[in-house]
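Step one of this worksheet: look at the structure below.
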Amino acid sequence: SLSALLINQPDNESLRTASESKDKHSNSLFGMGNPLLDICAIVDKDFLDKYTLKPNDQILAEDKHKELFEEIVKKFKVEYHAGGATQNSIKIAQWMIQQPHKVGTFFGCIGKDKFGEILKEKAKEAHIDAHYYEQDEEPTGTCAACITADNRSLVANLAAANCYKKEKHLDLEENWQLVEKAKVYYIAGFFLTVSLESILKVAKHASENNKLFCLNLSAPFICQFFKDNLMQVMPYVDVLFGNETEATAFAKEQEFETEDTKEIAKKAQALPKVNSKRHRIVVLTQGKDETVIASSDKVKTFPVLKIDPKDIVDTNGAGDAFVGGFLSELVQEKPLDQCVKAAHYAANVIIRRAGCTFPEKPDFK
Ligand SMILES: Nc1ncnc2c1ncn2[C@@H]1O[C@H](COP(=O)(O)OP(=O)(O)OP(=O)(O)O)[C@@H](O)[C@H]1O
Ligand SMILES: *[C@@H]1O[C@H](CO)[C@@H](O)[C@H](O)[C@H]1NC(C)=O
Ligand SMILES: *[C@@H]1O[C@H](CO)[C@@H](O)[C@H](O)[C@H]1NC(C)=O
Ligand SMILES: *[C@@H]1O[C@H](CO)[C@@H](O)[C@H](O)[C@H]1NC(C)=O
């Protein structure tokens with residue numbers, strides 16, 4: 001059970017003043033990753049053709065897409081959101097928690113430009129405590145969602161997000177203090193391509209202080225082409241997230257010799273771990289099918305919330321939302337069942353809406 005995983009703190013809640021209790025919770029969830037400004041617009045076929053975009057796709061920007069981001073803003077009515085996988089999950093967790101604000105901290109790298117200013121504004125609106133490393137060599141990362149009817153073509157440009165530097169940001173005293181304040185850490189695997197040394201510094205801090213470090217496999221290419229980086233971090237991982245496709249890719253690379261999600265979860269759970277006071281748990285989602293969780297002694301499955309397929313608007317961001325919901329309860333030291341319930345709830349809300357957006361308040365008990 002998860003209770004063994006959690007930090008035991010004396011429950012003196014009733015003795016605390018409101019402000020003390022608020023201070024206890026602020027910055028307790030720490031995320032670090034690739035901040036992207038999401039730019040969504042309904043575009044036309046000419047626009048897709050001009051940039052040779054397929055109506056339904058997910059690509060990284062190339063040279064030929066350079067002008068796309070300025071043009072979409074000029075030509076169409078756009079909506080902005082603070083995006084990027086990890087920042088999305090931290091936002092969702094904050095939304096689930098509601099009060100106090102700034103339970104979630106987020107670090108990442110942006111540019112000194114207009115999109116960076118908008119991103120800071122949007123992070124503030126989401127009530128997360130974002131502290132960006134701002135540099136002026138690369139522009140703020142963006143992800144354009146080019147919508148035509150039921151289709152959406154995503155074009156991501158990491159740009160500044162790729163430029164995060166440990167010694168320029170994470171190591172600074174005022175930033176490291178925020179890391180120290182946290183109890184739960186979450187980093188998506190995508191960041192393994194950006195700053196392994198930053199991830200390791202945070203992971204080691206968590207391990208040495210018996211706090212929870214969570215990682216997401218994020219994509220098959222991370223399991224394949226960033227395998228060495230991934231396996232350097234794995235011994236510090238307390239909670240490992242992934243979907244079934246990522247799990248299969250991971251299993252293949254690790255020569256687990258199985259494609260069975262439960263078996264994969266078991267084998268990933270048993271990989272070597274530095275902090276032996278906590279057993280790793282592995283959380284694998286399977287879309288509409290049950291979520292598989294391996295803890296030290298057993299593998300359990302948890303059915304997702306049922307939804308009529310005609311109510312599904314856009315499953316993009318379902319995985320990020322799942323993680324955000326899970327973390328929102330984990331950071332409140334709730335048992336595993338409750339973490340999964342919140343994860344399924346948040347994912348269910350997000351797939352009923354376009355993009356990774358949510359209503360004003362959650363309706364979750
Ligand atoms: N068709 C569906 N029906 C019900 N729930 C779903 C469906 N698709 C996704 N979900 C919810 O979202 C969660 C995560 O879904 P999934 O495993 O598809 O993540 P993912 O593929 O990583 O998502 P993303 O599209 O963000 O990459 C599921 O555990 C479930 O709670
Ligand atoms: C949506 O994309 C699919 C291919 O992915 C295509 O067949 C369909 O025509 C597109 N619909 C519109 C309205 O563009
Ligand atoms: C899992 O995530 C990957 C991206 O890493 C995506 O391509 C794939 O479709 C997802 N799998 C399922 C079963 O939802
Ligand atoms: C992270 O994990 C979730 C849940 O296991 C998965 O659905 C998702 O694809 C992963 N995504 C990212 C972007 O890290």
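In the set Asn275, Asn243, Asn216, only one residue is within 25 Å of Ile90 (Cα to Cα) and more than 16 Å from ligand 4 (Cβ to nearest atom); that residue is Asn275.
Within region 205-219, identify whether any single residue is out of contact with any Phe, Trp or Tyr (no Cβ under 8 Å at 6 or more places or on another chain), surrounded by fewer than 20 Cβ atoms within 10 Å (Cβ to Cβ), under 13 Å from Leu284 (Cβ atoms) and in contact (Cβ under 8 Å) with a residue 40 or more places away in the chain, and answer yes or no. There is no residue in region 205-219 that is out of contact with any Phe, Trp or Tyr (no Cβ under 8 Å at 6 or more places or on another chain), surrounded by fewer than 20 Cβ atoms within 10 Å (Cβ to Cβ), under 13 Å from Leu284 (Cβ atoms) and in contact (Cβ under 8 Å) with a residue 40 or more places away in the chain. For region 232-266, a residue qualifies if it is over 27 Å from Asn348 (Cα atoms), buried (at least 17 other Cβ atoms within 10 Å of the Cβ) and touching a helix residue (DSSP H, G or I) at 6+ places or on another chain (Cβ under 8 Å), and the qualifying residues are Val233, Tyr236, Ala251, Gln254, Phe256. Condition first: within 14 Å of ligand 1 (Cβ to nearest atom) and touching a Gly at 6+ places or on another chain (Cβ under 9 Å). Now tell me which residues in region 228-245 satisfy that. If the condition is that a residue be within 14 Å of ligand 1 (Cβ to nearest atom) and touching a Gly at 6+ places or on another chain (Cβ under 9 Å), then Phe241, Gly242, Asn243, Glu244 are the ones that fit.
Contact map, region 273-294: residues that are over 14 Å from Leu336 (Cα atoms) paired with residues that are within 15 Å of ligand 3 (Cβ to nearest atom) and of a type outside the set (A, V, I, L, M), Cβ distance under 6 Å, separation 6+ or inter-chain. Pairs shown: Thr285/Asn243; Thr285/Thr291; Thr285/Phe322; Gln286/Glu244.
Residues of region 321-328 include none that is out of contact with any Ser or Thr (no Cβ under 6 Å at 6 or more places or on another chain), more than 14 Å from ligand 4 (Cβ to nearest atom) and among the aromatic types (Phe, Trp, Tyr).
Residues are listed down the side, and each one gets a yes or a no for (1) at pLDDT 95 or above; (2) away from ligand 3 (no atom under 16 Å from the Cβ):
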position: Ala321; (1), (2): yes, no
position: Val331; (1), (2): yes, yes
position: His344; (1), (2): yes, no
position: Val349; (1), (2): yes, yes
position: Phe358; (1), (2): no, yes
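Checked against the criterion of being in contact with a Phe, Trp or Tyr (Cβ under 8 Å, 6 or more places away or on another chain) and at pLDDT 95 or above, the candidates Val73, Val43 yield just one match: Val43. When you look at Asn175, is it over 18 Å from the mean Cα position of the chain (by Cα) and away from ligand 2 (no atom under 16 Å from the Cβ), yes or no? Spelling it out, Asn175 is indeed over 18 Å from the mean Cα position of the chain (by Cα) and away from ligand 2 (no atom under 16 Å from the Cβ). Each residue in region 19-58 was checked for being exposed (fewer than 14 other Cβ atoms within 10 Å of the Cβ) and touching a residue at least 40 places away in the same chain (Cβ under 8 Å), and 6 pass. Counting only strands (runs of 3 or more DSSP E) wholly contained in region 112-227, the ones carrying 2 or more residues that are within 16 Å of ligand 1 (Cβ to nearest atom) occupy 142-148, 151-157, 184-188, 212-216.
For (1) under 26 Å from Ala82 (Cβ atoms); (2) part of a loop (DSSP other than H, G, I, E, B), each residue gets a yes or a no:
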residue	(1), (2)
Glu263	no, no
Thr285	yes, no
Thr301	no, no
Asp320	yes, no
Phe326	yes, no
Gln332	yes, yes
Ala346	yes, no
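When region 334-344 is filtered for residues that are more than 10 Å from ligand 1 (Cβ to nearest atom), in a helix (DSSP H, G or I) and not hydrophobic (A, V, I, L, M, F, W, C), the ones remaining, listed by number, are Asp337, Gln338, Lys341. If you go through region 275-288 and pick out every residue that is surrounded by 14 or more Cβ atoms within 10 Å (Cβ to Cβ) and farther than 26 Å from Val304 by Cβ, you end up with 2.
The values are calculated or read from the model by the stated rules, or taken from the named source; none is laboratory data. As the structure is a prediction and not an experimental result, all values here were calculated from the model. A quick note on method: Cβ atoms are made from the backbone with ideal geometry, for glycine too, and the neighbour counts reach across all protein chains shown.
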